[in-house]
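Right, one structure below, let's go through it.
The values are calculated or read from the model by the stated rules, or taken from the named source; none is laboratory data. Remember, it's a predicted structure, so these values are computed and weren't measured experimentally. A quick note on method: Cβ atoms are made from the backbone with ideal geometry, for glycine too, and the neighbour counts reach across all protein chains shown.
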Amino acid sequence: MSSLISLTSDDHVIRAIRADEWQAVKRLRLDALRDPVAHLAFLETYEKAAAEPDTFWQGRAERSGEGADGARQFIAEGPDGAWVGTLTVLVEEAGSTDWAGFAVDRKQGHVVGVFMQPGYRGIGLTEALFAAGVEWAWGVGAERVRLIVHEENGRAQGFYRKVGFVPSGVTVALEQASGESELEFVLEKS
């Protein structure tokens, strides 16, 4: 897949990040963690992320930048070059165990870190990010793509259904919040 997808309607670009863009990766992640529903959308807090050293962000960008094998972070870039949205796809290999301790039975992509700046929601950029991420996952041999969403994050669940993901029936209990859980949504390769 090409690392650039142009959206002709509004001059935004969807592309994979480069390893040297770690400062922009950090800025956008911190913006995401300030979102009013960040406590439902992310397992990380703003305070924890803001305290990470530059080497953490450099490593994150290297591991998910263009050319990385096991992960790819995509961003939506505005006409002025500002990053307005992002998502990352992690590759989970068959025979491994995922972050929650579940066995991975086939190669899959795992979408994480989905965020769009509020002023850019609802104009097709998030759909374009998902299209790029899913296309990349299929291109590296994933048999399905999945994501995990908080049971109370109705806005996100509605969007994921809109782009073809469906609940798998798998529930993941959250350790840090007693009684709360997340739901797995999947998109099967057709």
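Okay, here's what the table says:
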read-out: Conditions (1) closer than 29 Å to residue 173 by Cβ; (2) out of contact with any strand residue (DSSP E or B) (no Cβ under 7 Å at 6 or more places or on another chain); (3) surrounded by fewer than 19 Cβ atoms within 10 Å (Cβ to Cβ); (4) in contact (Cβ under 8 Å) with a residue 12 or more places away in the chain: number failed by residue 20; value: (1)
read-out: Tally, over segment 83-101, of residues that are among the hydrophobic types (A, V, I, L, M, F, W, C), surrounded by 13 or more Cβ atoms within 10 Å (Cβ to Cβ) and at pLDDT below 95; value: 1
read-out: Per-region count, segment 72-82, residues more than 16 Å from residue 123 (Cβ to Cβ) and modelled with pLDDT of 95 or more; value: 3
read-out: Subset of segment 40-51 (residues that are outside any helix (DSSP H, G or I), closer than 25 Å to residue 147 by Cα and either of a type outside the set (Asp, Glu) or modelled with pLDDT of 95 or more (or both)); value: 42, 43, 45
read-out: Check on residue 145, in contact with a Gly (Cβ under 6 Å, 6 or more places away or on another chain), assigned to a strand (DSSP E or B) and either closer than 20 Å to residue 85 by Cα or of a type in the set (Val, Ile, Thr) (or both); value: yes
read-out: Some residue of segment 121-140 being part of a helix (DSSP H, G or I), among the hydrophobic types (A, V, I, L, M, F, W, C) and farther than 16 Å from residue 88 by Cα; value: no
read-out: Yes/no for residue 66 being at pLDDT 95 or above, under 22 Å from residue 13 (Cβ atoms) and among the charged types (D, E, K, R); value: no
read-out: Any chance residue 112 is modelled with pLDDT under 95 and either of a type in the set (Val, Ile, Thr) or crowded, with 20+ Cβ neighbours inside 10 Å (or both); value: no
read-out: Only one of 145, 166 that is buried (at least 20 other Cβ atoms within 10 Å of the Cβ) and in contact with a Leu (Cβ under 8 Å, 6 or more places away or on another chain); value: 145
read-out: Some residue of segment 164-187 being closer than 25 Å to residue 70 by Cα, modelled with pLDDT of 95 or more, in a loop (DSSP other than H, G, I, E, B) and not charged (D, E, K, R); value: yes
read-out: Criterion violated by residue 151 - all others in (1) within 14 Å of residue 189 (Cβ to Cβ); (2) at pLDDT below 95; (3) among the acidic types (Asp, Glu) satisfied; value: (1)
read-out: Pair list, Cβ under 7 Å, 6 or more apart: segment 107-136 residue of a type in the set (Asp, Glu), other residue surrounded by fewer than 20 Cβ atoms within 10 Å (Cβ to Cβ); value: 127/163; 135/1
read-out: Out of 47, 77, sole residue that is more than 15 Å from the chain's Cα centre (by Cα) and either surrounded by 15 or more Cβ atoms within 10 Å (Cβ to Cβ) or among the hydroxyl-bearing types (Ser, Thr, Tyr) (or both); value: 77
read-out: Tally, over segment 50-70, of residues that are in contact with a Ser or Thr (Cβ under 8 Å, 6 or more places away or on another chain) and surrounded by 19 or more Cβ atoms within 10 Å (Cβ to Cβ); value: 1
